[in-house]
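Here the structure is laid out as structure tokens; the discussion comes afterwards.
We did not get these values from a lab; they are worked out from the coordinates using the rules stated. Here the structure is a predicted model, which is why all the values come from computation and not from measurement. Every residue, glycine as well, gets a Cβ built from its backbone with ideal geometry; the counts of neighbours run over all protein chains shown.
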Amino acid sequence: METAKGVTNMALAHEIVVNGDFRIKPTELPEGSLEKKVREIVHKAFWDCLEAQLNEDPPTYDHSIKLLGEVKETLLSFLLPGHSRLRNQITEVLDLDLIKQEAENGALDISKLASFIIRMMGTLCAPARDEEIKKLKDIHEIVPLFRAIFSVLDLMKMDMANFAVSSIRPHLMQQSVEYERKKFQELLEKQPNSLDFVTDWLQEASDDLTKLRRINLSSPFGGGPAASGIPVLCPVSVQNQAYLKLLKWDHVHRPFPETMLMDQSRFQEMQLELEQLILIGAVLLVTFSAAGTALSGLPGFADKIKAIIKVLLAGMHLPSFNLGDALAIIGEKVCAEVNSCLSQHGFTPFTTEKETVLKGQIEAVANPDNTICKLIDSRIQTFLESYLASSPQKFLPAIPGGLGPIQKELEEIAVKYVRLVNYNKMVFSPYYDAVLSKILDKEESQLVGKSEKL
């Protein structure tokens with residue numbers, strides 16, 4: 001239980017830091033679930049009891065006074081230290097002792113108190129809740145009004161919590177690296193094998209780079225790794241290679257590295273985005289190649305074609321999606337758009353034969369071994385590798401040839417990807433360095449031995 005609690009706290013802190021869009025949202029129980037049914041029954045019983053008390057002659061206000069007490073505490077919880085005037089107003093108007101005396105003497109005016117509560121909520125709520133506050137003023141029956149008041153108060157609590165999260169994010173960022181590392185160390189002490197998958201992951205990345213070095217050393221034309229541009233086998237190059245592998249991960253059959261688990265869904269999302277981007281880039285490349293210079297510089301043309309492709313590839317990772325059928329439709333629509341633009345700008349439209357060739361090239365993109373897709377994929381990997389190696393520089397590296405039409409989308413993914421990688425490096429570098437020191441010592445000794453034999 002202690003381990004689970006530590007992981008939960010670490011995950012929450014991590015989420016707040018790396019996800020700028022993090023928001024606390026209301027819990028929505030599954031429709032038809034036992035918990036939802038029980039909650040509905042309990043809530044209905046409470047509000048029915050309140051209504052029955054208010055309908056008595058004379059009315060009984062036990063439940064009403066308890067509700068007013070809860071409202072009072074909630075309103076006070078929204079106040080900042082400097083809100084002394086508002087605090088005095090709330091304390092004075094929602095004085096429970098005085099309210100009890102008024103109830104006993106038959107002088108309690110619930111509607112008047114409700115109006116004060118609504119005004120105070122309007123003063124304290126975020127601008128986004130103004131519409132909800134306005135709707136409260138149109139409710140005149142006491143029980144429905146209090147139900148609505150508590151519903152809006154719950155939203156205001158959430159707003160306050162999200163405001164607190166945004167306020168602490170800059171401070172949490174300063175402390176989060178040490179905090180996450182400390183929490184992971186506690187987990188490691190309780191679960192000593194918590195770096196097994198990390199070790200396999202880094203070992204595989206090291207093996208990839210080692211194979212390139214061995215090929216270079218054994219080549220009669222090789223001049224050493226530096227001469228051929230092959231990365232030197234060092235902790236930084238191995239880590240970068242390892243992070244690139246996360247964008248090609250088999251999430252179904254392979255365990256994710258332990259240090260990356262909190263970000264697995266993010267890496268998986270980026271992986272899916274890149275897979276779609278490769279197809280978009282390939283279709284655009286063959287389209288511009290077929291159209292030639294006629295449409296290459298036409299403002300808005302690439303964006304229009306890209307929008308068509310994105311819409312038709314939107315569900316490409318769903319089990320029911322048929323890529324071949326989607327690409328056939330894309331081919332039809334792209335050819336129609338190309339011919340329309342050519343005609344509008346005084347160029348000769350495609351012949352039927354040329355249309356057939358372009359459609360065939362677009363449909364061929366579905367083949368995993370398609371040369372164009374492999375080229376786009378390779379250049380995207382080169383770009384991401386360059387960006388990883390160049391960070392923390394402020395500027396992105398140059399976009400490789402052929403990726404211009406998807407530059408904006410690629411750069412958005414790259415910025416998100418590298419930010420996540422760099423943060424992970426800051427947190428877990430001591431663990432990676434310890435693992436890599438053993439891996440690299442072993443690899444270097446084996447490589448030197450083989451080199452001497454050669």
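Can you give the FRET efficiency to the nearest 0.05 for residue 150 and residue 268, using r as the Cβ-Cβ distance and R₀ = 35 Å? Mind showing how you got there, number by number?
Working: r = 39 Å, r/R0 = 1.11.
Rounded to the nearest 0.05, the efficiency is 0.35.
Here the simple spin-label model places points 7 Å from the Cα toward Cβ, and for residue 378 and residue 83 these points are separated by 6.2 nm. Could you tell me which of rounded, prolate or oblate describes the range 130-184, using a ≥ b ≥ c as the square roots of the eigenvalues of the alpha-carbon gyration tensor, with rounded for a/c under 1.5 and, failing that, prolate when a/b is larger than b/c and oblate otherwise? Judged from the Cα gyration tensor, the range 130-184 comes out prolate (a/c at least 1.5, a/b above b/c).
In summary, the convex hull built on the alpha carbon positions of the range 246-443 has an orientation-averaged projected area of 13.4 nm².
Residue-normalised convex hull volume from the C-alpha trace of the chain: 236 Å³ per residue.
Computed over the Cα atoms of the range 2-173, what is the convex hull's projected area averaged over all directions, in nm²? It would help to have the intermediate numbers written out before the result.
Details: hull surface 53.0 nm².
One quarter of the hull surface, i.e. the mean projection, equals 13.3 nm².
Placing a label point 7 Å from the Cα of residue 328 along the Cα-to-Cβ direction, the residues of the range 350-385 whose backbone N falls under 18 Å from that point are 355-368.
The mean sequence separation of alpha-carbon pairs under 8 Å and at least six residues apart, normalised by the residue count of the range 246-443, gives a relative contact order of 24 percent.
Could you calculate the contour length gain from residue 303 to residue 52, that is, 0.36 nm times the residue separation minus the distance between their Cα atoms, to one decimal place in nm?
Details: separation 251, 0.36 × 251 = 90.36 nm, distance 6.31 nm.
Taking residue 303 through residue 52 to full extension adds about 84.0 nm, to one decimal.
Placing dummy labels 7 Å off each Cα toward the beta-carbon, the span from residue 43 to residue 193 is 4.5 nm.
Ordering 258, 412 from the fewest to the most neighbouring beta carbons within 10 Å gives 412, 258. Rounded to whole numbers, the Karplus 3J(HN,Hα) couplings from phi for the range 280-289 are 4, x, 5, 4, 5, 5, 6, 5, 5, 5 Hz, using 6.51 cos²θ - 1.76 cosθ + 1.60 with θ = phi - 60°, and x at Gly and Pro.
To the nearest 0.05, how large is the calculated FRET efficiency for residue 200 and residue 416 if R₀ is 22 Å and r is the Cβ-Cβ distance?
On the way: r = 26 Å, r/R0 = 1.17.
Given R0 = 22 Å and the Cβ-Cβ separation, E is 0.30.
Each stretch of four or more DSSP H residues adds -39500 (n - 2.57); spread over every residue of the chain, this sum gives -24500 deg cm²/dmol at 222 nm. Extension gain for the segment residue 96 to residue 207, taken as residue separation times 0.36 nm less the Cα-Cα distance, is 32.7 nm to one decimal. Normalised by the number of residues in the range 2-173, the average gap of Cα pairs under 8 Å and 6 or more apart makes the relative contact order 26 percent. Only Cα pairs under 8 Å and 6+ residues apart enter the sum, and on that basis the relative contact order of the chain stands at 16 percent. Computed from label points 7 Å out along Cα-Cβ, the spacing between residue 426 and residue 15 is 2.1 nm. A straight Cα-to-Cα reach below 15 Å connects residue 37 with the aspartates and glutamates 28, residues fewer than 8 places away in its own chain not being considered.
Checked against a 26 Å cut-off, the cross-linked pairs 183/416; 25/182; 36/66; 25/72; 44/157; 354/408 give Cα-Cα distances beyond that limit for 25/182; 354/408. Placing +1 on the Cβ of every Lys and Arg and -1 on the Cβ of every Asp and Glu, with nothing else charged, gives the chain a dipole about its Cα centre of roughly 1360 debye. Fully extending the segment from residue 250 to residue 35 would add 73.8 nm, taking 0.36 nm per residue of separation and subtracting the current Cα-Cα distance.
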